[in-house]
Amino acid sequence: PDIDLETLCINPALQLSTSSEALMRIRWIAILRDQVKLSLAATGGFHSVDDVLKALLVGADAVQLCSVLFQHGPDEVQRLLGALESWMDSKGYASLRTLQGKLSYGNLKDPSGYERSNYLAVLEKNS
């Protein structure tokens, strides 16, 4: 819900996620993947096959979809799965397990892209 500040009433409202929200989740799954002995599910902001692939590549065990299904309906699952299979075939991946976690913090030779220094470099570049 939302609050109308003029009337002080609670109003029904729905704010769907966007793909830009997935980036923070992707970063943290990449960092946590090799630090914890838990299954990790990516939630919030996963709308495209690119979003799903990034989550899997950093080590997500599952990717939850909600807003994209609300917007496009349940048939979107089949479209995303088809696009995922096409990408995997084009890159030579036989299964999800062979790509899952490939780009996690612990599997990279230089994981600095996930560190705070990367964030500061981006801020500096764009200011």
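Which peptide among 8-20, 58-70, 90-102, 37-49 comes first, and what is the full order, when sorted by highest mean count of other Cβ atoms within 10 Å? Intermediate results must be reported in sequence, preceding the final value.
Numbers: 8-20: 10.0, 58-70: 17.9, 90-102: 12.5, 37-49: 16.1.
Order by mean packing, descending: 58-70, 37-49, 90-102, 8-20.
For residue 79 and residue 123, calculate 0.36 nm times their separation in residues minus their Cα-Cα distance, and state this gained length in nm to one decimal.
That works out to 12.3 nm of additional length.
Summing Lys, Arg as +1 and Asp, Glu as -1, what charge do residues with Cβ under 15 Å from the Cβ of residue 99 carry, residue 99 excluded? Could you put the intermediate results ahead of the total?
Numbers: positive: 33, 54, 91, 97, 102; negative: 50, 51, 61, 85, 89.
Here the count lands on 0.
Using the heavy atoms of the protein chains alone and a 1.4 angstrom probe, what is the accessible area of the chain per residue in square angstrom?
On the way: 8860 Å² over 127 residues.
With the other protein chains kept in place, the chain gives 70 Å² per residue.
Once all Cα-Cα distances of the range 9-127 are split into 5 Å bins that start at 0, what whole-number percent is in each one?
The calculated distribution, bin by bin, is 2, 11, 18, 19, 19, 14, 9, 6, 2, 1, 0, 0.
Given R₀ = 35 Å, what would the calculated FRET efficiency be for residue 98 paired with residue 23, taking r from the Cβ atoms and rounding to 0.05? Before the final figure, lay out each step's value.
Details: r = 24 Å, r/R0 = 0.69.
The formula returns an efficiency of 0.90 here.
The values are calculated or read from the model by the stated rules, or taken from the named source; none is laboratory data. Please read these numbers as outputs of a predicted model, since none were measured by experiment. Positions of Cβ are backbone-derived with ideal geometry, glycine not excepted, and every protein chain shown enters the neighbour counts. Each accessible area value is taken on the protein alone, full model and side chains, heavy atoms only, with ligands, DNA and RNA left out. Shrake-Rupley method; radii C 1.70, N 1.55, O 1.52, S 1.80 Å.
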